[in-house]
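So the structure is just underneath, and the comments pick up after that.
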Amino acid sequence: MPISIPQSVFDKYYEVIDSTFDIFGVTCQLVSIEKREIITPYNPDDNLPDINSINNHRRNGGGHNRGTKTIKDVEVLTDIKLKVYWDQKQWIRTANNLVIPDNSIQTIGYMKDLPQLLKAKSIIVHKGIKDYKEQRFERNGEHIPIGLKQDRYVALFWNRV
């Protein structure tokens with residue numbers, strides 16, 4: 001005989017877990033890269049590389065010219081609230097043989113924010129202390145759905161850049 005769990009149990013669970021984001025969550029910044037075009041007057045000598053290389057536009061700041069347009073890679077910062085766990089003892093264990101390098105963190109966020117998290121190149125942890133020391137991390141591995149029903153929360157691992 002199947003057991004039927006009322007929806008009110010799940011609602012109460014989500015209410016309690018959501019409140020922990022207000023208590024333990026910190027504002028982080030997702031770093032995404034956008035390509036932006038800047039119209040400039042045409043200068044035929046402007047596109048000559050300083051170093052004779054195919055990838056020269058990646059070496060001097062990401063800008064390269066196409067006629068009268070300069071295409072630049074620009075970092076875009078998006079604020080997001082996440083729970084950040086610095087100590088591996090506090091991490092949600094997903095497997096017994098999990099191998100994560102030192103100086104790594106685990107973040108827990110909402111599943112609705114997953115597309116932004118996956119699109120981000122890196123993350124700046126704890127916007128509140130960014131003025132003292134900026135701590136950047138890159139995503140390590142795939143996301144892990146967590147919680148009851150595994151459809152509301154997600155965990156990710158990040159390595160220090």
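The values are calculated or read from the model by the stated rules, or taken from the named source; none is laboratory data. All values derive from a computational prediction rather than experimental measurement. Because the Cβ atoms are built from the backbone with ideal geometry, glycine has one as well, and the counts that use them run over all protein chains shown. Surface areas here come from the heavy atoms of the whole protein model, side chains and all, with no ligands, DNA or RNA. Shrake-Rupley method; radii C 1.70, N 1.55, O 1.52, S 1.80 Å.
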Item to check | Solvent-accessible surface ranking, highest first, for TYR14, TYR132 at 1.4 angstrom | outcome: TYR132, TYR14
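Please tell me the relative contact order of the stretch 99-150 in percent, rounded to the nearest whole number, where contacts are Cα pairs under 8 Å and at least six residues apart.
This gives 28 percent for the stretch 99-150.
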Next on the checklist: For a protection proxy built on the mean count of beta-carbon atoms within 10 angstrom, sort 105-113, 72-80 highest first, please.
Outcome noted: 105-113, 72-80
Checklist entry - In what order, largest first, do VAL31, VAL9 sit by accessible area if the probe radius is 1.4 Å? => result VAL9, VAL31
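Working with all protein chains in place, sort GLU34, GLU142 by solvent-accessible area computed with a 1.4 Å probe, largest first.
GLU142, GLU34
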Checklist entry - Any idea of the accessible area per residue across the stretch 109-161, 1.4 Å probe, to the nearest Å²? => result 58
Checklist entry - Hey, which of these cross-link pairs are over 32 Å Cα-Cα: LYS69/LYS127; LYS35/LYS127; LYS72/LYS130? => result LYS69/LYS127
Checklist entry - Ignoring ligands and nucleic acids, what accessible area does ARG139 show with a 1.4 Å probe (Å², nearest 10)? => result 80
